[in-house]
Amino acid sequence: MNYILVAYEDTGDLKDYFIKARNNLNDFLLSLDKRILNDIKKNCDSNSFIKNCIVQSDEKLNLIFHSHGDETSILDNNNIEFLNYQMDLSTIKINIFYSTACETAKGKLKSKIIKQSNIFFGYNSIAYVVVGNDNIKDTFIECDNFCIKQIALGFVNKDLLEIKTDQFFKNQIEEFIKKDLIVEAILLMHNKESIEIH
């Protein structure tokens, strides 16, 4: 799993969540002797994003986003686009496109990306997070990062990824219910039902 390019939001209300999600993934990759080769942070417009990708375009990229989004774009807190469906992505070779942003598996962006990526992961609705309690936040982060970690471990069969991811979410939801964290369980259930893997 080489040429890992991570875009994450490090400003705004959810900055702690996005930074912690990025660091959680980075620590896991380092434990496998892999590393994030390039970080793209706030205020990175689409031209800068493309330039970062082109620099590494000799091999297929693994693009991972911990940020905001909608069905047409990946965004930072100021609505500056990392990526949108109207961009010319023909110069970028994509192996994995992995986004925990809201609605990126819903519309035009998904339709464009899945044509040129081997694996696509995204949410087709709002992706809820919990930011108050650290233990609950950590659970949401582990769920957000679960599938990309499985891919890093070598599980690339999409049907198997769906099964493993679904079961992991179910286990966390059951733990929330046992602790009487019903609202959190409902939010995580919503996220589980919004996942698309192509």
Exercise. Of everything in region 156-176 that's among the aliphatic types (A, V, I, L, M) and at pLDDT 95 or above, which residue is farthest from residue 136 (Cα to Cα)?
Worked result: 160
Exercise. From the residues in region 67-94 that are among the polar types (S, T, N, Q) and in contact (Cβ under 8 Å) with a residue 60 or more places away in the chain, which one is nearest to residue 146 (Cα to Cα)?
Worked result: 67
Exercise. Where residues in region 86-125 are in a loop (DSSP other than H, G, I, E, B) and exposed (fewer than 14 other Cβ atoms within 10 Å of the Cβ), which of them is modelled with the lowest pLDDT?
Worked result: 91
For this session: May I ask you to verify whether residue 78 is part of a helix (DSSP H, G or I) and within 25 Å of residue 36 (Cβ to Cβ)?
Result: no
For this session: For residue 62, indicate whether it is buried (at least 19 other Cβ atoms within 10 Å of the Cβ) and either touching a strand residue (DSSP E or B) at 6+ places or on another chain (Cβ under 9 Å) or in a helix (DSSP H, G or I) (or both).
Result: yes
Problem set entry | Single unsatisfied condition, residue 132 versus (1) in contact with a Leu (Cβ under 7 Å, 6 or more places away or on another chain); (2) without any contact (Cβ under 8 Å) to a residue 60 or more places away in the chain; (3) not charged (D, E, K, R) | (1)
Problem set entry | Residue satisfying all of: in region 8-24; of a type in the set (Phe, Trp, Tyr) and at pLDDT 90 or above; surrounded by the most Cβ atoms within 10 Å (Cβ to Cβ) among these | 18
For this session: Hey, can you tell me all the residues within region 139-198 that are crowded, with 18+ Cβ neighbours inside 10 Å, farther than 28 Å from residue 111 by Cβ and either without any contact (Cβ under 8 Å) to a residue 12 or more places away in the chain or of a type in the set (Ser, Thr, Tyr) (or both)?
Result: 139
Exercise. Any idea which of (1) under 19 Å from residue 27 (Cα atoms); (2) touching a strand residue (DSSP E or B) at 6+ places or on another chain (Cβ under 6 Å); (3) not hydroxyl-bearing (Ser, Thr, Tyr) is the one residue 150 doesn't satisfy?
Worked result: (2)
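The values are calculated or read from the model by the stated rules, or taken from the named source; none is laboratory data. Remember, predicted model here, so these are calculated numbers, not experimental data. A quick note on method: Cβ atoms are made from the backbone with ideal geometry, for glycine too, and the neighbour counts reach across all protein chains shown.
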